[in-house]
Amino acid sequence: MAAPVARPPEVAARHDGNEEERRRPWPAPPGPRGACWAARRGNNMAAPRQPAACWGRWFCTAAAPRPWRLFGAMCLLRLPRITQPLQKEEEEMAALMGQIELEKSHYSDHEIRKLQEEEQLRRRKESMYDDDDAPGKTVIMAQDLEEKWEQKLLRFKAAPRITDADKSNNRTSLNRKLDSNLMLLVKQKIGNQELWLLPQVEWQPGETLRNTAERAMATFLGDDIQAKILGNAPHGVYKYKFPRAIRTEDNVGAKVFFFKAFLQSDDLSQAEPKKDYLWVTKDELGDYLKSEYLNKVNRFLLDL
């Protein structure tokens, strides 16, 4: 076994009950590392804290973080109301799966009843079956029901996939592009420019970022808007710096945190947007949003 190593005198004094030595601050290591160590420990006997390049776990910096203005934005989506038209390959696969399902399925109650009635009619024609039905009684056959259903089907007319808003390209209407997501854009004044953006407002002390995004939605649509917000964490962030003419050390730029919500009702009679607004698809965003802003928005959009 190796012989024990003797402790330095100043360390030994601290562990030998010397109260004065125990309370005396530890000496700071030499060099830049010592300056940081003294600043961390609050050592009044060491040299005052100075900016220094420190390495490893002793890393420190004297530069204060640059301030950014924080904004919360809401990506409000109207979900598709109808399915998208099938492609040729999808139609062929759907027909094949329908045929397989039909071949493997069992008869329904209506089909069993129809087969029984056909067998009764066949036996009547062959005079092998006595008609026990009461005279004058009205019997509705399965075949009669099918003919009635077919007539009702012929009178049915499906609503058109292309609406009047689609024909007039009215992008302020929710009754358009029924097979796609629609996103709300509003025109807002940023500096001296008016830009199309997601509804956004500046964060206020005491709010969470979700509260800020909710307030942005209420600011433009009113408190009666019915929407389901997805999660408490932002889905994306967009950061930009102000022009050099107005940029200062205390006002460098802005960070916009995006949240998502699904519109629960198409009736916006009580929640009409208070500014210029549009309902656009993902493919139409490029007509209104700047490229950098659009790239950040497209990262969290999923349009199936």
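Numerical summary
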{"item": "Distance in nm between pseudo-label sites at Lys125 and Leu153 (7 Å out along the Cβ direction from Cα)", "result": "2.4 nm"}
{"item": "Burial ranking of peptide ranges 217-228, 104-115, 167-178 (average Cβ count within 10 Å, highest at the top)", "result": "217-228, 167-178, 104-115"}
{"item": "Partner lysines for Lys296 [C-alpha distance under 23 Å; skip if fewer than 8 residues away on the same chain]", "result": "Lys187, Lys189, Lys228, Lys239, Lys241, Lys255, Lys260, Lys282"}
{"item": "The stretch 147-218 - accessible surface per residue (Å², probe 1.4 Å)", "result": "65 Å²"}
{"item": "Inter-label distance for Leu96 and Asn175, nm, one decimal - labels placed 7 Å from Cα along Cα-to-Cβ", "result": "4.1 nm"}
{"item": "Local electrostatic count, Phe156, Cβ distance below 14 Å [Lys/Arg +1, Asp/Glu -1]", "result": "+3"}
{"item": "Cut-off under 5 Å, modelled amide H: who pairs with Val237 long-range", "result": "Phe258"}
{"item": "Descending semi-axes in Å of the stretch 184-259, equivalent ellipsoid built from Cα gyration tensor", "result": "24, 15, 11"}
{"item": "Share of carbon and sulfur in the accessible heavy-atom surface of the stretch 164-283 [1.4 Å probe, %]", "result": "44 percent"}
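The values are calculated or read from the model by the stated rules, or taken from the named source; none is laboratory data. Here the structure is a predicted model, which means the values were calculated and not measured. Neighbour counts are summed over all protein chains in view; Cβ atoms, including those assigned to glycine, are modelled from backbone coordinates with ideal geometry. The protein model used for the area step is the full one, side chains on, heavy atoms only, and it has no ligands, DNA or RNA in it. Shrake-Rupley method; radii C 1.70, N 1.55, O 1.52, S 1.80 Å.
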